[in-house]
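What follows is one structure encoded as C-alpha cells, with my remarks underneath.
The values are calculated or read from the model by the stated rules, or taken from the named source; none is laboratory data. Please read these numbers as outputs of a predicted model, since none were measured by experiment. Using ideal geometry, Cβ is built from the backbone for each residue, glycine included, and neighbour counts are taken over all protein chains shown. For accessibility, only protein heavy atoms count, side chains too; no ligands or nucleic acids. Shrake-Rupley method; radii C 1.70, N 1.55, O 1.52, S 1.80 Å.
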Amino acid sequence: MKVRIDKEACQGHGQCVILCPEVFEYDEQGFGVVRNEVLPEAAERDCERAEASCPERAIHITG
Ligand code: SF4
C-alpha cells in the first residue's frame, strides 16, 4: 500500500500526525507530509484511521 497527501487540500489540522506518527510528520509550516510513501504493514491500520479522520480528505491510500 502507498499513501500520499494532497498538498492543495491539506490545511494542517494534524490528525494524521497524531494518529499515525510512523508515517506522517509536520513540515516547517505545520502541514502534514508523508515520511515514507510505502506503508509499513504494521502502520496500515493507523494510516487508514488517519485517512478517515482527515477533515480535508487530503490523505489517499492506494494499493
Ligand atoms: S489530517 Fe489532513 S489536513 Fe490535517 S495535516 Fe494531515 S493531511 Fe493535512
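Find which of 23, 54, 33 sits farthest along the positive direction of the dipole of region 2-62, computed with +1 on the beta-carbon of Lys and Arg, -1 on that of Asp and Glu, about the Cα centre.
54
Rounded to the nearest 20 debye, what is the charge dipole size of the chain about its Cα centre when +1 sits on each Lys and Arg Cβ and -1 on each Asp and Glu Cβ?
Roughly 100 debye for the chain.
Leaving out ligands, DNA and RNA, what percent of the accessible area of the chain is carbon and sulfur, probe 1.4 Å?
Answer for the chain: carbon and sulfur cover 45 percent of the accessible area.
Angle check, please: helix 44-53 long axis (alpha carbons) against the longest principal axis of the chain (alpha carbons), in degrees 0 to 90, nearest 10.
The angle comes out near 30 degrees.
Using the Karplus equation 6.51 cos²θ - 1.76 cosθ + 1.60 (θ = phi - 60°), what ³J(HN,Hα) coupling, rounded to whole Hz, does each residue of region 6-23 give in order, writing x for Gly and Pro?
Result, rounded to whole Hz: 6, 5, 5, 8, 4, 10, x, 5, x, 4, 5, 5, 5, 7, 8, x, 5, 10.
Using θ = phi - 60° and the Karplus form 6.51 cos²θ - 1.76 cosθ + 1.60, what ³J(HN,Hα) does each residue of region 29-41 get, whole Hz, x for Gly and Pro?
In residue order, the calculated couplings are 8, x, 8, x, 9, 8, 6, 9, 4, 8, 6, x, 4 Hz.
What 222 nm value per residue comes from the helices of the chain, counting each DSSP H run with n ≥ 4 as -39,500 (n - 2.57) and dividing by all residues, nearest 500 deg cm²/dmol?
About -6000 deg cm²/dmol.
For the chain, with every protein chain kept in place, what is the accessible area per residue (1.4 Å probe, Å²)?
On a per-residue basis, the chain sits at 64 Å².
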